């Protein structure tokens, strides 16, 4: 399968270097993968094989960096409208969409997230959706916590997850 080339860039953020991989889809940039790493090869394996680019080119700047900068500047809702492409089975794809509805500053537990997905007994599947999410930050899997209130896991490390949760708690819009 021949995929269009993707572009990537890495920027410094308070919790560490953040790399984002984008490709063009229907004339617009979409995020394929992102995470707190300076090495793009850490991200490519998590992109579904049907979407994985044949090659990636470094870019000095990508438009999505304006959103990343706004997020770190305190607009924690800036990430909500970034276009993302991920592929998997129906549950995971639905769960990734549901993750985007978890409000900044109001994290869910894995059990609450499973219920939000319409499958309250599927706690492990909900956790798997977080673990297999390729577009960290833009699909905010960091907003899901262990049922006892602990951080749970995070591909990019619990210190990054803690920083993101604290940042969002400090800057989240007041619920109405």
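The values are calculated or read from the model by the stated rules, or taken from the named source; none is laboratory data. Note that the structure is predicted; figures quoted are calculated from it, not measured. Cβ: placed from backbone, ideal geometry, glycine included. Neighbour counts: every protein chain shown.
Being surrounded by fewer than 17 Cβ atoms within 10 Å (Cβ to Cβ) and either modelled with pLDDT of 95 or more or not assigned by TED's automatic domain parsing to the domain that holds residue 157 (or both) holds for only one residue in 14, 53, and it is 14.
For residue 3, the criteria (1) at pLDDT below 95; (2) part of a strand (DSSP E or B); (3) surrounded by 14 or more Cβ atoms within 10 Å (Cβ to Cβ) hold in every case but one, which is (2). Entry remark, segment 31-50: residues being touching a helix residue (DSSP H, G or I) at 6+ places or on another chain (Cβ under 6 Å) and loosely packed, with under 10 Cβ neighbours inside 10 Å number 0 in total. Would a scan of segment 97-117 turn up a residue that is more than 18 Å from residue 84 (Cβ to Cβ), in contact with a strand residue (DSSP E or B) (Cβ under 6 Å, 6 or more places away or on another chain) and surrounded by fewer than 18 Cβ atoms within 10 Å (Cβ to Cβ)? The answer is no; no qualifying residue exists. Of the residues 28, 70, the single one that is farther than 28 Å from residue 148 by Cα, loosely packed, with under 15 Cβ neighbours inside 10 Å and either touching a helix residue (DSSP H, G or I) at 6+ places or on another chain (Cβ under 8 Å) or at pLDDT 95 or above (or both) is 70.
Out of the residues in segment 78-96 that are surrounded by fewer than 16 Cβ atoms within 10 Å (Cβ to Cβ) and part of a loop (DSSP other than H, G, I, E, B), which is modelled with the lowest pLDDT? Among residues in segment 78-96 that are surrounded by fewer than 16 Cβ atoms within 10 Å (Cβ to Cβ) and part of a loop (DSSP other than H, G, I, E, B), the one modelled with the lowest pLDDT is 89.
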